[in-house]
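What follows is a short report on a single structure.
The values are calculated or read from the model by the stated rules, or taken from the named source; none is laboratory data. The structure displayed is predicted, hence computed values, not measured ones. Positions of Cβ are backbone-derived with ideal geometry, glycine not excepted, and every protein chain shown enters the neighbour counts.
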Amino acid sequence: MYLEKDDERVLAGEFGETRQKMMEILVTLGRVYGAEKLVAITSAQVSGASYKTIGKWGLSWLQSLNARAAVPAVLNPIGMPREGWQEFGIGEEFARRQAEVVEAYRKLGIRVECTCTPYYLRITEYGEHLAWSESSAVAYANSALGARTNREGGPSALAAAIIGKTPYYGLHLVENRRPQVVVEVECGTGPHAGHWGAIGHVAGKKVGNRIPIFQGIRPNRDQLKALGAAMAATGAVALFHVEKITPETRVFSFDTGDLDRVTVTEAEVEALFTETEVEAVAVGCPHCSADELRELAELLRGKKTTKPFYVFAAKGVAAANPDLVSVIERSGARVIPDTCMVVSPRMDEFASIMVDSGKALAYVPGMCGALARIGTRRECVEVATS
Ligand code: F3S
């Protein structure tokens with residue numbers, strides 16, 4: 001793999017042990033995947049931030065590093081809100097460990113904005129090369145924004161943040177971004193027609209790790225977010241196209257005539273929805289946009305919750321919308337930044353959780369040991385306030 005002179009010097013250890021280790025990660029990855037060179041990135045998003053997922057070994061590895069990020073970089077959600085973790089029900093020992101993880105990342109120059117929706121906080125442009133690791137953020141960046149990132153692991157995203165480059169392979173190359181399977185959606189007229197998280201949940205199982213192109217649908221940006229997050233969870237989708245909607249379908253003309261075709265039927269989508277009793281309700285997977293907070297505020301206005309109702313959003317998004325947060329919280333629901341229903345140990349305490357997300361439906365059982373039920377946001381509010 002071709003390395004520039006300065007990169008060779010980093011690899012030789014001239015700029016310290018941590019940079020050397022990070023360069024070794026990138027070069028090894030590049031060799032495995034046949035990258036011809038490294039490419040400069042404009043930002044990184046680093047997963048492996050919750051103490052629940054990285055544990056003491058991950059923490060001690062982070063604490064052994066000594067360097068600073070070379071590009072803007074943010075963290076994935078951690079296991080608790082940084083403020084008010086006691087009220088959220090987090091124990092002292094976990095909070096202490098989680099704070100150490102955050103501090104280790106802060107020392108490495110990673111911005112402590114803990115979110116899977118970094119695109120709400122920093123403008124990411126078409127064609128930018130990134131090293132993002134949270135799967136829904138990767139799907140959104142590649143698909144809705146037309147930026148270019150592979151689905152990085154936590155260490156490779158951190159290495160890219162510190163070096164400011166990533167190996168040039170996979171989805172960084174235009175020729176690897178062509179659609180591989182056509183998806184048709186029978187939208188129908190049922191109560192959950194247009195539930196993009198549920199549609200993505202079904203579609204992800206059908207397309208696996210292929211790059212899908214959807215035809216005949218018109219999701220907006222938040223709906224693209226829900227669709228991609230779910231497909232990344234039930235399949236391994238890091239990029240999808242929607243004809244006439246996602247940016248690359250307007251730049252390139254894809255010939256789909258010879259591709260496999262799959263259909264997501266209304267019956268398959270409806271089959272995901274049940275009437276199971278739940279102990280708690282959690283929305284914001286991926287973290288809520290301002291529009292989603294607005295919708296929740298309207299749905300909750302004048303109502304009172306009867307069970308725990310958590311709304312997850314980036315701290316920056318919540319802070320920019322204090323009026324919406326206050327309407328939501330007047331109902332008894334809580335807007336929680338920095339964490340989410342999957343990576344926080346708080347959610348492990350519920351035996352059943354209702355979500356509005358196709359991704360959370362896939363992850364909550366395994367990650368929280370809870371039964372998961374999916375609904376629309378309106379249904380989530382009805383269940384939380386009935
Ligand atoms: Fe984000 Fe957590 Fe869902 S990281 S995509 S809210 S599982």
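Some values worked out for this structure:
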quantity	calculated
Test: A233 is more than 19 Å from P179 (Cβ to Cβ), free of Cβ contacts under 8 Å to residues at least 12 places away in the same chain and not in a loop (DSSP other than H, G, I, E, B)	no
Subset of the range 360-373 that is hydrophobic (A, V, I, L, M, F, W, C) and within 13 Å of the ligand (Cβ to nearest atom) - its residue that is surrounded by the fewest Cβ atoms within 10 Å (Cβ to Cβ)	M367
Of all residues in the range 236-262 being free of Cβ contacts under 8 Å to residues at least 40 places away in the same chain and polar (S, T, N, Q), the one that is nearest to D291 (Cα to Cα)	T249
Unique match (being within 16 Å of the ligand (Cβ to nearest atom) and at pLDDT 95 or above) among S357, S331, S352, S326	S357
Residues that are within 14 Å of the ligand (Cβ to nearest atom) and in contact with a strand residue (DSSP E or B) (Cβ under 8 Å, 6 or more places away or on another chain), drawn from the range 334-343	V335, I336, P337, D338, T339, C340, M341, V342
Subset of the range 250-294 that is crowded, with 19+ Cβ neighbours inside 10 Å and assigned to a helix (DSSP H, G or I) - its residue that is farthest from the ligand (Cβ to nearest atom)	V269
Residues of the range 125-143 satisfying the condition of being within 14 Å of the ligand (Cβ to nearest atom) and part of a loop (DSSP other than H, G, I, E, B)	S133, E134
Flag for I162 being farther than 25 Å from G358 by Cβ and β-branched (V, I, T)	yes
Strands (runs of 3 or more DSSP E) (entirely within the range 40-115) containing at least 3 residues that are under 29 Å from E4 (Cα atoms)	43-46, 73-75
Only listed residue being touching a residue at least 40 places away in the same chain (Cβ under 8 Å), away from the ligand (no atom under 16 Å from the Cβ) and under 22 Å from T18 (Cβ atoms), chosen from R68, R106, R122	R68
